[in-house]
1. Give me the accessible area per residue for the stretch 1-93, probe 1.4 Å, as a whole number in Å².
2. What whole-number value in Å² describes the accessible area per residue of the stretch 180-330 for a 1.4 Å probe?
3. Could you derive backbone 3J(HN,Hα) for the stretch 159-170 from the dihedral phi with the Karplus parameters 6.51, -1.76 and 1.60 (θ = phi - 60°), listing whole Hz in sequence and x where the residue is Gly or Pro?
4. For n ≥ 4 DSSP H runs only, could you compute -39500 (n - 2.57) per run for the chain, divide by its residues and tell me the 222 nm figure to the nearest 500?
5. Sort largest first and round to whole Å: the equivalent ellipsoid semi-axes of the chain, each the square root of five times a Cα gyration tensor eigenvalue.
6. Need the full-extension length gain, Lys203 to Lys237, defined as separation in residues times 0.36 nm minus the C-alpha distance. One decimal, nm.
7. Sequence gap at least 6, Cα distance under 8 Å: using those rules, report the relative contact order of the stretch 265-397 to the nearest whole percent.
8. Could you work out how much longer the chain between Thr256 and Ser350 gets when fully extended? Use 0.36 nm per residue separation minus the Cα distance between them, nm to one decimal.
Amino acid sequence: MIGITSYGSYLPRYRMERSVILQQMGWFNPGSPKGEKAVVNCDEDSITMAYAAANNCLIGKNSDDIDGVYLASLSFPFSVRQNSVVVAKALNLRDNIRSSDYTSSLQCGTNALLSAIETVAANNDSQIVTCATDARRAKPGSPQEYTWGDGAAAFCIGNKGVIASFIGEYSLGCDFIDKKMIDTEEFERSWEDRWTRDEGYMKIIPKAIKGLLDKLGTDIPSFAKVCIACPNSSALKAVGKLLRFTPNQEVDNLITAVGDTGSAMSYLMLISVLENAHAGDKIMLVSFGYGAQALAFEVTPEIDKVKSSLRGVSYMLNRKAPLKDYTRYLAYKNLIQFEMGIRGETIPPSSMSLIWKQSKAMAALEGVRCKVCGTPQFPKHTVCVNPECNATGQMEPYLFSDKIGKIVSFTADSLAFSWDPPQLYGLVDFAEGGRIFLDITDCAKESIKVGTQVEMTFRRKYIDNTRGHYCYFWKAMPVLYKYTTVKE
């Protein structure tokens, strides 16, 4: 039996009411947009969100057992650099795994999911992490600016401890051009909404669903839930009416709560269903984009063993802070140019050879621990820093990325340039030992103090436009989840 063995989601902390956009871009006059959308912080992108979702997905699993990372997105930071490898290294997975990027269509999420299922089917006992993530940039004043939100979700696919077994799929490939962007353009172009609704959603999605039902020899009533990743809520209801869904079978597309999350929408919808599913429930997942794909799963009794430990959509929906400043939103999305000052122009050079040599330290926050006295330290040294030990050549690798620490001292710097001022940074002591000087993110200066517990989060450190490089590193973030209290 092959299927989903675990899931994890991630939504950025910031939420922006759509009315904020309407107040600033009122001449477009789309009516009265409802709800809010999730917005990445200035140091987040599709890679950092993918790491967070995949890390949540791997709770309770041994990273050495993971055999691959399949990453799907329409907003990859790198067009020539394998984005999935960056995520795999941040997760501290072993080198001999398969990694692959999927893009170019909103189907890319389910394409990655099906590829993971096929990989496990071909290689018994393998486990693949598949993740869909998007932080798309929309032109200010466009309809996409109102609807698009940011988010990521991940599944682990395997054949042991399966919580939702894979039943079957039906795929359609159609050159139906509703959205497109060529390599010289900065923003995506969309065709008329009515065209997409009438010729796309209303015809292609039902065809894929009927194809799956015929292939499986079943009918709509046999499914407890049907997740259709369609950002047009009215079209979603029309498709349901056409195929005679009951209200209980319909699944919220999360547009009002977080926005259209692109390739991640289908994953987030499926996770929201799994959070409340029961053994025996059959679930259909449908994606749309240059065709459509319909996948069927059946929930197993194993789901009751993992529900309480996995980080799904429900928690992420409640973990939020308002973003009320439209100008800050534009800055976070790199949609506006502004003066950075002399301090902001100074960044360290990005040396590809140094990044390679220090890859474990940068990508996974790997330090060392003394085998003699057990003292951890970062960065790596050959001599123990414990003055009562000073052992030489007795160091072993030690990860700080999964450890909880507490703030020893911190500064809110209003002179240094920051995309999200003031710049917060300070010293962090870890529960098992070790001290690192780190930036602090996803919090206001009023919300932290000496002794605040923090966890590590993989973020974008800086942008090196001169050399065309995004540098990623680790930052401290106030603990979001329940952990054992850090000892004094």
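1. Per residue, the stretch 1-93 has an accessible area of 34 Å².
2. 47
3. 10, 10, x, 6, 9, 8, 7, 7, 9, x, 8, 9
4. -6500 deg cm²/dmol
5. After scaling each eigenvalue by five and taking roots: 38, 28, 20 Å.
6. Here the answer is 10.9 nm.
7. 13
8. Difference between extended and current length: 29.8 nm.
The values are calculated or read from the model by the stated rules, or taken from the named source; none is laboratory data. Only a predicted model underlies this, so the values are computations on that prediction, with no experimental measurement involved. Here the Cβ is made from the backbone with ideal geometry for all residues, glycine too, and neighbour counts use every protein chain on show. Just the protein is used for accessible areas: all its heavy atoms, side chains included, with ligands, DNA and RNA removed. Shrake-Rupley method; radii C 1.70, N 1.55, O 1.52, S 1.80 Å.
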